[in-house]
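J.: Below you will find the structure I want to go over with you.
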Amino acid sequence: MSIASFTVVPLPRRSSRCHGRSATAWPIASRRSAAAGLHRIAIAAICVWMIINIRSQQPFDPYPYILLNLVLSCLAALQAPVIMMSQNRQAVRDRLDAQHDYEVNTRAELENRRAPYEARRDSRSEVGRAGQDAEQQLELLARLGDR
């Protein structure tokens, strides 16, 4: 089978659902993990917590900040699954993008390999048409010359 006999079929569209997972849960997880990554807010909250405890006469969380440690540990425990879910979603999306890019590149390579065959075929047919046109013009000139 020659390269010129391959046909190009359209690529399938990518679905918003990946491997049966909900199409609404993953974007929510992505937005939530993006909000969880705002370190400025977390650092500001920790600084405010410490300043309130240092300046107050009766600190509710003395120096080793055991309560702050507990709050941050709970926050990390709640955010970790959401961030992991978002990373898994991104990995699936990256894999689908890579697969789509591979298919597009393969098709482009086939088109590039097929182009010289088509160019030769087209040039031969155009040469044949040019020859026929020249013959018709000569016939017309001969008819005009006979008159």
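Each reported figure results from applying straightforward, stated rules to the coordinates on display, with no laboratory input. Since we're looking at a predicted model, the values are computed, not measured. Neighbour counts are summed over all protein chains in view; Cβ atoms, including those assigned to glycine, are modelled from backbone coordinates with ideal geometry.
J.: Between region 115-147 and region 84-109, what's the alpha-carbon centroid distance in Å?
T.: Cα centroid of region 115-147 versus Cα centroid of region 84-109: 50 Å apart.
J.: Under a point-charge model restricted to the Cβ atoms of Lys and Arg (+1) and Asp and Glu (-1), what is the dipole moment magnitude of region 25-146 relative to its Cα centre, in debye to the nearest 20?
T.: 880
J.: Something else: So what are the three principal axis dimensions of region 25-146 from its Cα atoms, in whole Å, longest to shortest?
T.: That gives 123, 25, 21 Å along the principal axes, largest extent first.
J.: Can I ask one more? Just to be sure I understand the model, the point goes 7 Å from the Cα along the line to the Cβ. What's the resulting Ser56 to Ala44 distance in nm?
T.: 2.1
J.: Starting from the Cα of Cys74, step 7 Å along the direction of its Cβ; do the same at Ile28; then give the gap between the two resulting points in nm.
T.: 2.2
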